[in-house]
Amino acid sequence: MSDNSRLDAQHRRLLGLLGLAIFFEGYGRSVVSVLLRPIGEDLAVPGPQLSYALAAISAGALGVLLLGHLTDRFGRRRLLLGCVLVYSLLGAATATATTLAALVAWQGAARMFQEGALAAAVVIAVEETPASHRGLAQGVLGVANSVGSGLAAFLLAFIELFPGGWRGLCAVSVLPLLFVPFLRRTIPESRRWTGGTHPRRRFVPAAYRGRLLAGLAVFFLGMSYDVAGFAFTAFWPMSRHGWSAARTSALIIVAGGIGLPGFWVGGRLTDRMGRRRSAALFLVGLALAEAAFFLGGSGTLWPSFTAMVFCQAGKTTVLRSWAPELFPTSLRATASSQLAAGGVLGAMAGLAAAGALGAALADMGLAITLVATAGVAAAVLAYTCLPETGGVELEVASPETP
């Protein structure tokens, strides 16, 4: 918490530490999606079944409902460090999977703590940065998280050099263990949390239930097509267009890197234009970009994937800034985690819908494009049903209730 109207050295240092904590969360969360084709070949699993497996893995993130409550009760810092420790071990254990069920079990368990680490880091950043720069702060964290995802794509090009192929890349997930002692010494607790009360209640009070319901709908729809589209960005060029692993890796790294400024642009726009207009812009933009990626030819993959990354980055920044601002400090992590869980359910539904439509239509690209129409509905709901909180102090935007 700060009275300054800008990000000073202390804020930047905190964002750097939080970024380090969620850098590896990005790697662990994305590594299976990036390795979808080699995993499918090794375990003899076809594309539609892989979609269902990704949906099942996503279900693990529902554990954030418990972790969010614990974050409000026992502190943001403590839960962040614990989640980093556990997701590292579970992610590395995925390398031992010899069946699709085992892979889903390890990754599903890891996803719970990945989501918990991300949620705690987001709340700390919201509570500790100035109101006029909360969007930009989330953009900084988004870049760190996405660079972690990019590391998985980068290492895909060298998969043949890793012992065990895709298993070796999963084992890389153990690296965050080396940084836990450093993070324990350097990441402070949120001063809003230490100065507040920590009730045992698990449910959002009546005054905030309207916001919660609207937010759940936006997050459900907004994540349904997001996750479905990005889950197949490595699979699609290789299976439909015959691209090699190295060429696909180059697409994800280079075109994805070009789109990364979407985090910065999203942060700037949401701080200047407000949450509502920025959310609508990026939600619709991502839907259009996915349609171009999956319906266009080989020549459209580079520009459309760049647009996908840019719009997803902006959307993610806006929603991560917005969610914690909608609720008071005493239940901020709890309610934000409930919105995140809504997004998880949306992701599961989107992947399941893509799998079902892909099997029925015999065309995963068309299936994912149909799922992407959810982005338009999410944009309408975000603009009309959620309050504007950009630039408003948290205590004003979401005061405590008796």
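Derivation of every value follows stated rules applied to the coordinates shown; laboratory data play no part. The structure presented is a predicted model; accordingly, all values stated were derived computationally and were not measured. Cβ: placed from backbone, ideal geometry, glycine included. Neighbour counts: every protein chain shown.
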The alpha-carbon center of the range 319-358 and that of the range 362-389 are separated, in whole Å, by 14
Residue among LEU66, LEU17, LEU361 with the largest mean-square fluctuation in a Gaussian network model of the chain, springs linking Cα atoms under 10 Å
LEU361
What order do you get for 53-65, 286-298, 236-248 when each peptide is scored by the mean count of other beta carbon atoms within 10 Å, highest first?
53-65, 286-298, 236-248
Can you give me the long-range amide H partners of SER190? Hydrogens built in the peptide plane at 1.01 Å from N, cutoff under 5 Å, separation of 5 or more residues or another chain.
ARG76, ARG77
Are there chymotrypsin sites (Phe, Trp or Tyr not before Pro) in the range 147-231 that DSSP puts in a loop and that have at most 13 other Cβ atoms within 10 Å, and which ones?
PHE158, PHE203
If neighbour count is taken as other Cβ atoms inside 10 Å, put ASP271, ASP363 in order from fewest to most.
ASP363, ASP271
Along each principal axis of its Cα atoms, how long is the range 157-242 end to end? Whole angstroms, biggest number first, please.
54, 39, 17
Rg from C-alpha atoms of the range 176-301, normalised by the globular rule of thumb 2.2 N^0.38 Å, equals 1.47
Using only alpha carbons, build the gyration tensor for the range 78-139 and give me the equivalent ellipsoid semi-axes, biggest first, whole Å.
31, 11, 7
How compact and how long is the range 57-172, expressed as Rg and Dmax of its alpha-carbon atoms in Å?
16.0, 49
If you place +1 on the Cβ of every Lys and Arg, -1 on the Cβ of every Asp and Glu, and leave all else neutral, what size is the dipole of the chain about its Cα centre, to the nearest 20 Debye?
680
Mean projected area (nm²) of the alpha-carbon convex hull when the range 1-94 is viewed from all directions:
8.2
Where in the chain are the DSSP H helices whose C-alpha atoms run 20 Å or more along the long axis and whose mean Kyte hydropathy is at least -0.5?
9-34, 76-93, 100-128, 134-156, 209-231, 275-295, 301-325, 332-361
Subtracting the Cα-Cα distance of ALA246 and VAL180 from 0.36 nm times their residue separation yields 20.5 nm
Shape descriptors of the range 130-174 over alpha-carbon atoms, Rg and Dmax in angstrom, are 15.4, 48
To the nearest 0.05, the calculated FRET efficiency linking SER298 and GLU400 through their beta-carbon distance, R0 being 56 Å, is 0.55
